[in-house]
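Have a look at the structure below, then the notes.
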Amino acid sequence: MTNRQARVFAIASTLIAALIFLILTLDSHRQFGELTNAENITPEVTRGKDVWHKYNCINCHTLFGEGAYYAPDLTKITKHRGEAYLTAYMRDPSKFYDEQTHRRLMPTQDLSEEEISDLIAFLDWVSNVDNQGWPPRPIMVTGAAVPTEFVADTDEASAAPAGDTTPVTAEDDPRAQGEYVYQTASPACTACHSTQPGVDMAGPTLAGLVTRAQAIIAAESYPGEAQDVEGYIRESIVAPSAYLVPGDMYSAGGTSFMPQGYGESLTEEQIDQLVAYLATLK
Amino acid sequence: MRYKSQSVAYWYFAVAMVLFGLQLVFGLLSATKYLGPDPLLYILPFDVTKVIHTNLLIVWVLTGFMGATYWMIPDESRTELHSVKLAYLQLILWTLMGVSAIIGYLFRYGTGNKLLEQPLPHKIVIVICMLIFLYNIGMTIKKSGRFTTTEGVLLIGLVSSAVLFFPALLYYENYTVSIFYRWWTIHLWVEGVWMMIMGAFLAYLLIRLSGADREVMEKWLYVIVGLVFIAGILGTAHHYYWVGVPQYWLPIGGLFSALEPAALAGMAIYAYSAMRRSGLAHPNSLALHWTVGSAVFALFGAGLLGLAHTFPAVNKWTHGTLITAMHGHAAFYGAYAMIILAMITYTLPKMTYGRSEKGSSLGYWAFWLQISGMFGMTLSFATAGLGQVYLERIMGMGYLDAQLKIQVHFLMLIATGALFALGVALFIYDFFRHRPRFEADDEPVEDAPVKTRDS
Ligand code: HEM
Ligand SMILES: [Fe+2]
C-alpha cells in the first residue's frame, strides 16, 4: 500500500460513513415525533425540563440511563410513584429516607410548588417515550428483589416475562393467584411494599398486616368503614385514603401517596385474590 | 527548543497541570460521597463536585492539546509561531473561561446538561478561543509553506473538534433530540476527531523518540484515521440505545462500535512496532514510556472495556451503572491524559533548566503510581459495577440497597484513587520544580529529512 492509497482509504471511509450517518439522522428526525410523543411536550413539560437542568439533577441521577450514577434512574419513576408521593418527596426528601440508613440522601432543593408539578409533568413525558423497553426490568429505588413479571410500563418490548416465579393457572389457590397479582399489578405492589418485617419502603411493610389491621379497626379513632380484616385490606386497596397510616412519608393533606387507581385497573376477582393473599400475612 | 515561540506551550502545560490537580481533588471528594454519609450535603453536594470534576477534565485536556499543538507546529513547519501575543491572549481568555465556569458551578450556575454544562457565555468564549487558536496555527503553517501529514491530521482533528462543538450551542425542545445531538459533540470528539489529535501526537512523538521513518509512520497514520472513522462515526449509535430513537440504531451501534477497537489496536501496534523496529534512538525514555503507555492503556480502557458493554444485549443491563464509569475513566486517561503527559514529558527538558533528558526517578514513580492507581480504580469501578448490575438490574434489588452492598468497592476506589493522586502530585511537582527557559537553541532537527507534498 502506498501513502496515497492510505490517504484515499482514510478519506473515502470517512465520507461514506458520514453520508450514511447523515441519512439515518434525517430518517430519525422523521420518527422523533412519534417515538417521543412530541405532541405531549406541553409548555409544562418544557418548563419541567428546564427545572431538571436548572437544578443539575443529571449530575446525580440518570434519565434514559444517562447522567451520573450516584442516585437512582428516574426514567420510569412516575410509573412507580404517584404524583402526591413525588410532590411530597421533592418538598423534603429527608422525610422519606434516612441518611444514616442509606448513607446517602438527596439534599432538599427548595423547589417551588409550580416547579415541582412541572418537573413531574416532564418526568411523566419521559416515562412514556418509546425507548425499546429499557430498562428490561424495573429499576427500584429501595427494597429487595422483585420477580421479572413486574411490568411497570406500557411497552410491549418489556412485557415479555422471563418467568422465574411459579406461573399460576386458574385452578390454583386464590391466595397463590393473589401473590401473583401482588407482583404483577401495574404499578406492582412490590414497587412500594415489602413483606419482610421492618422493611418499610415507599409504603409500610405488609408483614404482620393482619395483626395490625385488627388493632386499627378496633380503635375508637378508625375513620373507615371496614368491619373485619378482609374488609380493611380491600378498603386499603381501592380507597387508600380511607385510613392513613401515620407518617409524613405515606400521606399529606389527608391523601395517601398510594396510587388511587387499583379499583379500576384490577378486576373484582383480582382484588379478591389479592385480599386472600394479604390476609395470610399475620 | 529550536523556536523561541514554542515556549508558549510551557504556560499552557502549566495551566493544564494546575487544573489536573484540582480535578483530582474534586474526584476524590466525589468518591468519598459514595461511601457517605456526607457532611457537606448542603455546602458541596455530589452534583457540584461531580460537575466540577468532569469539566476540569475537559478543560485541562483541551488546554494540553493546545499547548502541545503550539509546540508541535513550529517543529513540523520549521518556523516561529505566527503570533505569540495571540497565543497568550487565547490562554488568558481560556483560563478565565475555565476558572469562572468552575466558580459558577459552585453556585449551580450551569446548563445541567451532562458534560456540556458550560453556560452559553462560556460556550461562546470557548468558540472564540478555538477560532483564535485555529487562526494562529493556520497562519503559521501558511507562512512557512511546509505542511506535513502529521500536522495535517492534527489540524483536521482540531478544526473538526470546533465544528462538532456547534450542536452544543443550540437549544432543543425535545429532550431525546438534545441527547441525540449531545453525542455528536461528545462521542464524535472522543471516538472520532480527538483520536486524530492523539494519532498525530503519537506519530510526532514516535518519529522523534524512536527515529522511525516518517514516510512509513504517516502512511499508517492515514490507515488509523480511516479505521477510526469507518467505525467511530456510525459507532455513535452505541449512545442511541434506550433513549427514544429508532430501533435500527441498535444493530448499527453494535456492529460499528464493535469495530472501534481496531483503530486503537492499530495505534498500540503502531507504537510498539515503531519502538521495536527502530530501537530507542532518543535519550528521553520516560517520554517513550508515556507514549507507548498511552497507546496501550487506550487499547485497554477504550478498546477492551468499551467493547465489553457496547453490544445492545449487554448494554441493556449495564447502561447507566458504574460499568460506564469504569470505562470512562480508563479510556479518557489512557487516550487523552496520557498522550498529553507524554508530550509534556518529551518537551519539558527542552523548556526548563537543569532537567535531565532521561527523566528523573521521580518521573518514573509518577508514571508507575499513576498507571497502577488508575488500573486499580478501573478494577474498583468494574467490581462495583458488576455488583450493581447483578443486584439491582438482574435481581431487582432497590438502587439504594444495592449501593450499600457494594460499599467495599468504594473503599477500594478511594484507596487506589489516592495512589493515583499521589502519582499525579509527583508529576506536577516534577513539572514545577525546574525553572522554565525561554531561549531557542540550535539543537539538531530530531526527525529525519522528509519529503513533504510541497517541499
Ligand atoms: C478514547 C476513546 C474513548 C473515550 C475517551 C471514551 C469515553 C467514554 C465516556 C466518558 C463515556 C461515558 C459517557 C457518559 O456517560 O456520558 C463513554 C461511554 C461509552 N463508551 Fe466510550 N470512550 C472511548 C472509546 C470507546 C470505544 C472504542 C467503545 C466501544 C468499543 C466505547 C463504548 C462506550 C459505550 C457503549 C458507552 C456507553 C455506556 C452506557 O452509557 O451505557 N467507548 N465512553
Ligand atoms: Fe462512544
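Values quoted throughout were computed directly from the atomic coordinates according to the rules given, and no laboratory measurement underlies them. In this text, all values refer to a predicted model and were calculated from it rather than measured experimentally. Please note: Cβ atoms are built from the backbone with ideal geometry, for glycine as well, and neighbour counts cover all protein chains shown.
General observations
- Test: residue in segment B:207-225 that is small (Gly, Ala, Ser), within 11 Å of another protein chain (Cβ to nearest Cβ) and either surrounded by 24 or more Cβ atoms within 10 Å (Cβ to Cβ) or within 13 Å of ligand 1 (Cβ to nearest atom) (or both): no
- Residue list for segment A:58-72, filter: at the interface with another protein chain (Cβ under 7 Å from one of its Cβ atoms) and not hydroxyl-bearing (Ser, Thr, Tyr): A:58, A:59, A:60, A:64, A:65, A:66, A:67, A:68, A:72
- Selection of helices (runs of 4 or more DSSP H) fully inside segment A:46-142 by the criterion of at least 3 residues being closer than 24 Å to residue A:28 by Cα returns A:113-127.
- Qualifying residues in segment B:169-190 (those that are within 11 Å of ligand 2 (Cβ to nearest atom) and out of contact with any Ser or Thr (no Cβ under 8 Å at 6 or more places or on another chain)) - the one farthest from residue B:299 (Cα to Cα): B:186
- Residue within segment A:21-34 that is assigned to a loop (DSSP other than H, G, I, E, B), out of contact with any Cys (no Cβ under 9 Å at 6 or more places or on another chain) and more than 16 Å from ligand 2 (Cβ to nearest atom) present: no
- Lone unmet requirement of (1) charged (D, E, K, R); (2) crowded, with 22+ Cβ neighbours inside 10 Å; (3) more than 7 Å from chain B (Cβ to nearest Cβ); (4) without any contact (Cβ under 8 Å) to a residue 40 or more places away in the chain for residue A:118: (4)
- If you go through segment B:82-122 and keep only what is in contact (Cβ under 8 Å) with a residue 24 or more places away in the chain, part of a helix (DSSP H, G or I) and among the small types (Gly, Ala, Ser), you end up with B:87, B:98, B:101.
- Of all residues making up segment B:253-287, the number that are within 23 Å of the chain's Cα centre (by Cα) and among the charged types (D, E, K, R): 1
- Those helices (runs of 4 or more DSSP H) of segment B:229-325 in which 3 or more residues are more than 10 Å from ligand 1 (Cβ to nearest atom) and closer than 30 Å to residue B:348 by Cα occupy B:249-278, B:285-298.
- In summary, residue A:48 fulfils each of the numbered conditions (1) over 23 Å from residue A:111 (Cα atoms); (2) surrounded by 22 or more Cβ atoms within 10 Å (Cβ to Cβ) with the single exception of condition (1).
- Yes/no for residue B:99 being under 22 Å from residue B:157 (Cα atoms) and not polar (S, T, N, Q): no
- Matching residues in segment B:13-35 - criterion: being out of contact with any His (no Cβ under 8 Å at 6 or more places or on another chain) and facing chain A (nearest Cβ under 10 Å): B:33, B:34, B:35
Matching residues to (1) within 14 Å of ligand 2 (Cβ to nearest atom); (2) in contact with a helix residue (DSSP H, G or I) (Cβ under 8 Å, 6 or more places away or on another chain):
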| residue | (1), (2) |
| --- | --- |
| B:210 | no, yes |
| B:217 | no, yes |
| B:241 | yes, yes |
| B:258 | yes, yes |
| B:269 | no, no |
| B:273 | no, no |
| B:286 | no, yes |
| B:299 | no, yes |
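- Residue in segment B:328-345 that is surrounded by fewer than 24 Cβ atoms within 10 Å (Cβ to Cβ), of a type outside the set (Val, Ile, Thr), within 14 Å of another protein chain (Cβ to nearest Cβ) and within 14 Å of ligand 2 (Cβ to nearest atom) present: yes
- Residue in segment B:36-44 that is in a helix (DSSP H, G or I), touching a residue at least 40 places away in the same chain (Cβ under 8 Å) and either out of contact with any Leu (no Cβ under 8 Å at 6 or more places or on another chain) or closer than 25 Å to residue B:324 by Cα (or both) present: no
- Filtered residue count, segment B:43-84, keeping only those that are surrounded by 24 or more Cβ atoms within 10 Å (Cβ to Cβ) and of a type in the set (D, E, K, R): 3
- If you go through segment A:93-113 and keep only what is more than 12 Å from chain B (Cβ to nearest Cβ) and either without any contact (Cβ under 8 Å) to a residue 60 or more places away in the chain or surrounded by 20 or more Cβ atoms within 10 Å (Cβ to Cβ) (or both), you end up with A:112, A:113.
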